[in-house]
Every structure is written in structure tokens, then in C-alpha cells.
Amino acid sequence: MDRRKALQKTGLFAGATLMMPTMLSILQSCKEEKRLDWQPEFFTEDEAKTVSLLVDMILPRTDTPGGLDVKSDIFMDKVIAQTYDAEGQENMRSEITAFNANCKEKYGAAFIDLKESDRIAVLKEAEANSGKFNPGVWGTAVGESEPIGFYRGLKSMAIWAYFTSEEMGKNVLSYDPIPGSYEPCKPVSEVGNKWSL
């Protein structure tokens, strides 16, 4: 091997050795970067990331699609942007801000920046401390309702968005666009899967 080739190979090896930590840090930072693959109408980017992460934790993918698979977070953003009045929108923003402030106070970071175990702890605490929906009759709540809070309201909206999605209505739940005959007193064991409306 001549000297010129040996020096070139040594230079390449030295350069690769010096570049390796930099390349690894770039790859690692890309892996941890939290991105949105949609453009929110109402939410800021950080609010949208928070809502998307909450939806994913409330409705994760299992043997059925998850909340993000049916775009529950995008639907929620559109509903808030297009149907909430200015006061309702401002209330949603302040509740997300308060939710993240609580995470920072107790765990040292906003919800999207917490480690998985801390996120789970936040959701368990929110579940335990949120108000409950009153039972209803024909869609009307019975009795005086207590405030349900941000987490319970967001969870309810996420579940509503999930079960009213086309994917769930047609491919997961039983679906009959034209109802059949009326069959009173049919045993539940014969009904099978839950039905979409």
C-alpha cells in the first residue's frame, strides 16, 4: 500500500470517529422530537401536541384502531375551532395552560415533556379528581351537575370523536344502515357486538 492511500484511509477513519458522536446526537434528537403531522385550526402547536398525546393515552391502539388512527384529535380541533364561541375557546386554552402548569409544578415539565411513568401518574390523578357526569334520562342530566374539569371534558370529547368516526362505525362496531325488524326481549348473548347508531 502506498503512503498516499494509507494517509487517506487514516484521515477518513479519524473523520468518521470524530463525526460519530455528532451523528448519533442528531439521530437521537430526531427520534425524540415531537412533531405534528397535521395543521391545527384552533390549537397552537404545543396545545395540539398535548391533546394528541392525551388522546393517544386515553384511546391507545390495541386490536382495534386507537384515537389517533381515527384522527380524534384533528376532529376535536375542528369542533373547537368551528363551534365554540370566543369564551369557550378561551376557556379551553386556559384549561390546557392550567393542566400543563400543574404538571410542571408536580413533575417539573409540561405534559408532553414528561417521562411515561409521570404521564400515567398525571392521568391517574386527573381521573380520581375530576367531577363525574350525572346520570341522564333521554339525554338530559338528572340533578345538579358538578364541574367535570378539563380532563373529564377532554376525555368525553375524545371518546365521542372516536366512536362517531367512520372507521369505528363501519369497520369495528356492528353497522346496519337500515335497521331490521323489531325484536323485543332478545337475550344480550344473542346480540353480539355493540352497535353504532
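The values are calculated or read from the model by the stated rules, or taken from the named source; none is laboratory data. Note that the structure is predicted; figures quoted are calculated from it, not measured. Here the Cβ positions follow ideal geometry from the backbone for every residue, glycine too, while neighbour counts run over all protein chains shown.
Summary table below
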item	result
Matching residues, region 12-46, being part of a helix (DSSP H, G or I) and modelled with pLDDT of 90 or more	45, 46
Any chance residue 144 is closer than 22 Å to residue 166 by Cβ and either polar (S, T, N, Q) or outside any helix (DSSP H, G or I) (or both)	no
Among residues of region 55-83, those that are free of Cβ contacts under 8 Å to residues at least 12 places away in the same chain and either touching a helix residue (DSSP H, G or I) at 6+ places or on another chain (Cβ under 6 Å) or not polar (S, T, N, Q) (or both), counted	4
Filter pass, residue 58 being within 20 Å of residue 159 (Cβ to Cβ) and β-branched (Val, Ile, Thr)	yes
Long-range neighbours under 6 Å by Cβ, at least six apart or interchain, first residue modelled with pLDDT of 75 or more within region 181-197, second part of a loop (DSSP other than H, G, I, E, B) and among the β-branched types (Val, Ile, Thr)	none
Top-ranked residue in region 150-163 [being buried (at least 16 other Cβ atoms within 10 Å of the Cβ) and among the small types (Gly, Ala, Ser); ranked as farthest from residue 59 (Cα to Cα)]	153
From the options 9, 49, 78, residue that is modelled with pLDDT under 70 and assigned to a helix (DSSP H, G or I)	9
Which listed residue, of 116, 167, 90, is touching a residue at least 24 places away in the same chain (Cβ under 8 Å) and among the charged types (D, E, K, R)	167
Output for region 55-114, where each listed residue is surrounded by 14 or more Cβ atoms within 10 Å (Cβ to Cβ), over 16 Å from residue 44 (Cα atoms) and among the polar types (S, T, N, Q)	64, 72, 102
